Amino acid sequence: MPDQPDVLNWAASERNRQRFSVETLPLSESTEWSLRNGSLVHETGRFFEVRGIEWTDARGDAICSPFILQPEVGILGIAITNRDGEPRVLLDAKFEPGNVHGVDIAPCFQATKSNFEKAHGGAPPALSDIFLSQENWHSHVRQSEQGTRFFRKWNANVVVMVNEDIHISQSMRWCTLPELSLLLRTSHTLNTDARSVVATSDWDLWLSPESASRQAPHVGLSRALRESLSEPVRPGLESETTSVLALWDSQHAFSPRDVPLVDGPQGVNVDSTVPTGDVVVTHHQVSTDSRERHAWDQPLIGSTLPSEEVLFCSFVDGVPCFFFAPVSEVGLEHAQLGNSMSTFDSGRANPFIVTTSTNSELINASELFCSITQSDEGGRFNRQLVTYSIRLLENQEQRSRLTPKGLWLTPSEIQSLARREGFFTNEARTTISLIVGLL
């Protein structure tokens, strides 16, 4: 077996070096969290809370589920420097209690307002002096979190340019652009937060002069993707997209209302006679030697069911295009563009469901370009496994089965919309990061 590339060895070594544990803890034994007025809250009133939400799903059924409320806008940041004329990207091997493998590669700065104001009683996050000054921001854009688990949550996706001589923590590493490309295409390595920052900034920042296509499994697609970045964006793209989303919202928007939570033998759940989904809240005692605070307890929200996200690609007049479908989610303020197909979630209304028979046939008839599986949002979700893939549709007949519900977008159009607030869901941005990894 050939040796792993250095960047993957680094990820594996950090998982071995860092010490951490996550154990189930009854909520009644927590000294930090409690149910108050039907919501699960921290003693400081900071960080986040878990609240019950009830709505009518896309099938017409009344559904209840716990949701995370976190009105603070967090910062997700990646630093870039130049070493002898070659860009380097600063990433952090970060432990999160809900990650399947404990440690995933994260942005070098990933913090909520409660974290950098030290509400936890620990040290401030590393590099706070750099990332908390907006004067240092090379680019930034607010983007939503997962709208089927978070309620109206936003993060600032930030890139800063720095000198290489800044002090970095032991868990951080300067990565080359080819190494970043490899991480983008590898399962259980780069977390969704890092992927979101990459997807929503200037893609030229992440492109090595030596094309990743030499290592990528589909050289032709990689070359076509790079060439298509110079294609002009269609006139009126933003207004056209806004109209598509507004139309979908007018027909499929949710009307959520609050319902109380209760503490039961299987964990915290919604106190309602209405059927609940498969999402439950469990409480955990956490310890680690690599975070600002070494021990705490917290709730994690999650589902035992894995989910799947599929983005279809097709060549139109020689240009690779990708199909994005409109999506309404309970926790989003308005509809956004999601992937072509998603596993059904009661908190989401989207036109194409992976598990329906006709859509399964379309998936089986397509060619797989690339795929990753990872645990999403390990700081709040408990081992939430999601598979993301890009698949090729080869002819017009296949493409016609997806229209007119969504939009076919070129890479330059995707990049244009991704750099604006609120056009793509969190899941869509993760799949878009695979496109960047293929460039």
- Ranking A58, L261, V386 by how far each Cα lies towards the positive end of the charge dipole of the chain (+1 on Lys and Arg Cβ, -1 on Asp and Glu Cβ), the top one is A58
- Message: Can you tell me the convex hull volume per residue for segment 306-358, based on C-alpha atoms, in Å³ to the nearest whole number?
- Response: 91 Å³
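Take a quick pass over the chain and tell me how many lysine pairs come in under 25 angstrom between Cα atoms, counting only ones 8 or more apart or on separate chains. Show your work: numbers first, answer last.
Working: K94/K113; K94/K118; K94/K153; K113/K153; K118/K153.
Within the chain, the lysine pair count is 5.
To one decimal place, what Kirkwood hydrodynamic radius in Å is obtained for segment 170-284 from all pairs of distinct Cα atoms? Walk me through the numbers on the way to the answer.
Details: mean 1/r = 0.0511 Å⁻¹.
For segment 170-284, inverting the mean 1/r across all distinct Cα pairs yields 19.6 Å.
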- Query: Any idea how far apart W137 and V262 come out in nm if each label point goes 7 Å out from Cα toward Cβ?
  - Reply: 4.4 nm
- In debye to the nearest 20, the charge dipole size for the chain, taken about the Cα centre with +1 at each Lys and Arg Cβ and -1 at each Asp and Glu Cβ, equals 100 debye
- Query: How fast does segment 261-415 diffuse by Stokes-Einstein, in µm²/s, taking the Kirkwood radius from C-alpha pairs at 25 °C and 0.890 mPa s?
  - Reply: 137 µm²/s
- Item | Potential extension, T242-E421 segment - 0.36 nm per residue separation minus Cα distance | 63.3 nm
- Expressed as a whole percent, how much of the Cα-Cα distance distribution for segment 1-140 exceeds 18 Å? 72 percent
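How large is the helix-only mean residue ellipticity at 222 nm for the chain, computed as the sum of -39500 (n - 2.57) over DSSP H runs with n ≥ 4, divided by its residue count, in deg cm²/dmol to the nearest 500? Show your work: numbers first, answer last.
Details: 11 runs with 97 residues, N = 439.
The per-residue figure over the chain is -6000 deg cm²/dmol.
Ignoring ligands, DNA and RNA, what percent of the 1.4 Å accessible area of the chain is carbon and sulfur? Numbers along the way, then the final one.
Values: 8430 of 17670 Å².
Here carbon and sulfur together make up 48 percent of the probe-accessible area.
Of all the C-alpha pairs in segment 46-121, what % are more than 13 Å from each other?
Beyond 13 Å sits 78 percent of the P(r) for segment 46-121.
Can you list, largest first and rounded to whole Å, the semi-axes you get for the chain by taking the square root of 5 times each eigenvalue of its Cα gyration tensor? Walk me through the numbers on the way to the answer.
Numbers: eigenvalues 208, 169, 72 Å².
Taking √(5λ) for each eigenvalue gives 32, 29, 19 Å, largest first.
Contour minus end-to-end for Q170 and R293, with contour as 0.36 nm per residue of separation and end-to-end as the Cα-Cα distance?
Details: separation 123, 0.36 × 123 = 44.28 nm, distance 1.56 nm.
Between Q170 and R293, full extension yields an extra 42.7 nm.
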- Message: Testing the spin-label approximation: label points 7 Å from Cα along Cα→Cβ at R399 and T31. State their distance in nm.
- Response: 6.3 nm
- Message: Can you give me the accessible area per residue for segment 277-412, using a 1.4 Å probe, in Å²?
- Response: 34 Å²
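Using mean Cβ contacts within 10 Å as the protection proxy, how do 144-156, 352-364, 385-397 order, highest first? Show your work: numbers first, answer last.
On the way: 144-156: 23.2, 352-364: 14.2, 385-397: 17.7.
Most protected by this proxy first, the peptides run 144-156, 385-397, 352-364.
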- Task: Would you calculate the separation in nanometres between label points at T373 and F315, each defined as 7 Å from the Cα along the Cα-to-beta-carbon direction?
- Result: 3.1 nm
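The values are calculated or read from the model by the stated rules, or taken from the named source; none is laboratory data. All values reported here derive from a predicted model rather than from experimental measurement. Cβ coordinates were reconstructed from backbone atoms using ideal geometry, including for glycine residues, and neighbour counts include every protein chain displayed. Areas reflect the complete protein model, heavy atoms only, side chains present, ligands, DNA and RNA absent. Shrake-Rupley method; radii C 1.70, N 1.55, O 1.52, S 1.80 Å.
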